[in-house]
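The values are calculated or read from the model by the stated rules, or taken from the named source; none is laboratory data. Treat the numbers as computed from the prediction; the structure is a model and nothing was measured. No Cβ is skipped: glycine too gets one built from the backbone with ideal geometry, and neighbour counts run over all protein chains shown. We work out accessible area using only protein heavy atoms, side chains counted, and drop any ligands, DNA or RNA first. Shrake-Rupley method; radii C 1.70, N 1.55, O 1.52, S 1.80 Å.
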Amino acid sequence: MSAARDASVFDPVYYTGAYPQVHKFFMRFPLRHYAVFGEALGLRPNPDFSPAAYLRYNSDVAELNMSPLLHYALSGKSEDRITKELPKVEDLPQGKVPKLRFDAGCKTARFAVAMHLYYPDLWPEFEETLQQLEIPYDLFVTITYRGEQTDQLADEIRSTYPDATVVSLPNKGRDILPFLTLVNAGAFDRYEAVCKIHTKKSPHREDGDIWRRHLINDILPDQDLPTLLEDFVADRKAAFWVADGQHYDDVRWWGSNLETTRHLLRRLEIEISGDRLSFPAGSIYWLKPLMIGMLKALKLHEGMFDQEQAQVDGTLAHALERLMGFLPDEAGQEIRQTTQIRAHLKAAADPEAGSPNTQTPMRPSYTSAFYLPQFHPIPENDAWWGKGFTEWRGVVGAMSLFPGHTQPLLPADIGFYDLRVSETLGEQAALAKAAGIDAFCVYHYWFNGRRVLEAPLENLLKRPEIEFPFYLCWANESWRRNWDGLSGEVLLDQTYADGFEEALVKDSLPYMRDPRYQRPDGTRPRFVIYRPEDMPDPAASVKRMRKAWEKAGIGAVELGAVCFHVTGENAVAEDIFDFWIEMPPHGLVTGDDFLVGGPQGNILGQQMPGGFEGLVYDYSKVIGNALSPHYVQALPRNTICGAMPSWDNTARRHMSAHIAYRANPASFNRWLEGIMHTRIEGSYRNEFFLNAWNEWAEKAVLEPSLAYGDLYLKVLSSWIATDAQAHALDEPVTDEVGATT
């Protein structure tokens, strides 16, 4: 027993969970049970070791009449001996993966069950499981294509479940490719949770049938499933729900899958070292929408998967199984086993134990997002950058600078829009409202009476029927050739002539008098100044502006400024503004956060292109900085806390870009969790600010993209939207679910 323990070849968690037929009394000392009874019964000490197979493939061990596990612990492990039955390769017809299309307007149940049938003879067993489910679900069935037999089985399934989606697929990628085929087609975009099961016979295991039933029955129990599932859905920390013993948390399960997993995760800007491995094993589990969205963002397709040759390790499917555990880590979430969910429910029901949730997140009272009106041609940009120039030209020209660098980031649902079309603003506002955003803070470009990029709002004023809640932020910095606002050739200078305050106020009046102009406190219209320290006399200018608005009949204005963290020429007293706006990444990147270009050089672990002179910093470190008490205490007292979905100005600055690496919807979820738990309560009026809605050339984008779809909006909605607003993300709805091939 000590040899097995020392060699780490016995997994007590697996052993106690895989054999529920053994009385718990005997499982108090699982290794002793295995040594005395289990090995003789053919039980496995870990999922990858079969005593019978070890003897079959290693005849010298059988001749020694020695314990298979003991031999493996003493010498077989170092000799890399075969430890389990090698499955046979079936010669199956290789059809094509069909083109699937799911109607985004279809009504769905709350949950989905995705079932893959490799072994057709197991359909009756799985049908029995489905019939006892007491939850509202839609059924999706993928079947390994075997010719006419598959067509007959598909017809049989449809006759019993006429609303089910049934798809025949080639024998590739085991159960993983069939599931991803549905994920990539958007089949699961609107479910609260999805259950993934498959006909896991595991012919290389003597306990394959028992193991399969344990994995499925534990997550689809015939009793208490509705209660357990509701707890899983309500638990913000839960990402996967697996059967007991199926949360593997040890690096020994890496096998030969580390490098493939590393390259896959870089498609999401996630880096791993290999010194941690935690994943939902068995490929049978419940998973949440964020996990579905991140899998979809991998953009994996049939051509990437290995041909089926009965491999027991090292394929893309094996790497994907391990990848699943890093997605919860990135999102600040966890893998739950059935006993953990039951314990959570028990603790919640015990009045003496107290609530298992230590803190309830706070929802913002009001949420704003910076909005860029640049997306239309103007004469100035024609002259400086070429005829027809808009922000989109830089966006589509952005290059990926290293493996995993998510560029170019391109728009999806709304497309390459022209903001002179007012209907586009209405479409943006509808998406923002559904996600919980109350208003856009629109950049106002005013240069001592000269307006640029004014067409979107000017056209909006003529269209009162279009819903677009907004207020203005005077972007009072000079336009420069290198687009960073701080250096380079000046294209359009920001000056402050005598009387500029009254002229600026006069220019703002048509907007403030529009019913859509926002008054977050219910009374005062809001106005923001981007760089107050650039004004010659900030206090005097603010005083004159307030007086001018009063004189114009607007009354008191709620005046704010951006907390830019870059010292200007003129000091600004905190109390001259009603509020300040935190604007990540400004003030949130320290020397310790740089992965490339900082004091430690290149610690990203990737080769940068020659000539790169920019900076790469860790988005996760920025999250930590934003939530640190030391940083928060240094902010002005009346600051609105903020966050950014991402930041990367490669589209503008190319080889001099500043890049926040590891930004994705999962890490954004982690930032929002921290804000709602620790920052909103101390924020000005409990408000929240986002940088930004549509800064595409800086990749500070909440709008749907080809990379992530609307996942950023769904993550945001889960933290700040009301139930009615969140439901609007899935509108409109009809009556049926279906797929076309």
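Just a few scattered comments:
- Options Tyr661, Pro599, Ile720, ranked by Cα towards positive dipole end of the chain, top entry (Cβ charges): Pro599
- Here the alpha carbons of region 548-645 define both size measures, Rg and Dmax, at 18.3, 60 Å.
- Taking every C-alpha pair closer than 8 Å and separated by at least 6 residues, the mean separation divided by the residue count of the chain gives a relative contact order of 14 percent.
- Taking every alpha-carbon pair in region 107-168 and binning the separations at 10 Å intervals from zero gives 21, 59, 19, 2 percent.
- Dipole in debye (nearest 20) - the chain, about Cα centre, beta carbon charges: Lys, Arg +1; Asp, Glu -1: 640
- Computed on the Cα atoms alone, the convex hull of the chain gives a volume of 185 cubic angstrom per residue.
- Take every Cα pair under 8 Å whose residues are at least 6 apart in sequence, average their separation, divide by the length of region 563-691, and the relative contact order is 29 percent.
- Distance between modelled label sites at Ser656 and Ile378, nm, 7 Å Cα→Cβ extension: 2.2
- Per-peptide packing, taken as the mean over residues of other Cβ atoms within 10 Å, places 32-39, 76-83 in the sequence 32-39, 76-83 from highest down.
- Relative contact order %, region 1-77, counting alpha carbon pairs below 8 Å whose residues are six or more apart: 36
- In straight-distance terms, cross-link reach from Lys551 covers every one of the lysines whose alpha-carbon lies under 29 Å from its own, apart from those fewer than eight places away in the same chain; here that gives Lys462, Lys506, Lys543.
- Only Lys, Arg (+1) and Asp, Glu (-1) charged, at Cβ; region 233-338 dipole about Cα centre in debye: 360
- Judged by the mean number of other Cβ atoms found within 10 Å, the most tightly packed of the peptides 449-458, 214-223 leads the ranking 214-223, 449-458.
- Residue pairs, from the table Lys107/Lys288; Lys201/Lys714; Lys200/Lys346; Lys200/Lys237; Lys107/Lys433; Lys299/Lys699, whose Cα atoms sit over 25 Å apart: Lys201/Lys714; Lys200/Lys346; Lys200/Lys237
- Among Pro12, Gly42, Ser273 - extreme Cα towards positive end, dipole of the chain, charges at beta-carbon: Ser273
- What you get for region 392-457, charging only the Cβ of Lys and Arg (+1) and of Asp and Glu (-1), is a dipole of about 280 debye around the Cα centre.
- Whole-number accessible area per residue in Å² for region 104-209, which is evaluated in the context of all protein chains at 1.4 Å: 35
- The calculated Kirkwood hydrodynamic radius for region 129-198 is 13.1 Å, given to one decimal from all distinct C-alpha pairs.
- Hits among aspartates and glutamates - C-alpha to C-alpha of Lys24 under 19 Å, sequence gap 8 or more where chains match: Asp11, Glu39, Asp207, Asp218, Asp244
- Accessible surface of the chain, 1.4 Å probe, proportion on carbon and sulfur as whole %: 51
- Nearest-0.05 FRET efficiency for Gln152 and Ala556, computed from C-beta distance (R0 56 Å): 0.15
- Dipole of region 244-400 [Lys/Arg +1, Asp/Glu -1 at C-beta], most positive-end residue of Trp392, Gln333, Phe375: Phe375
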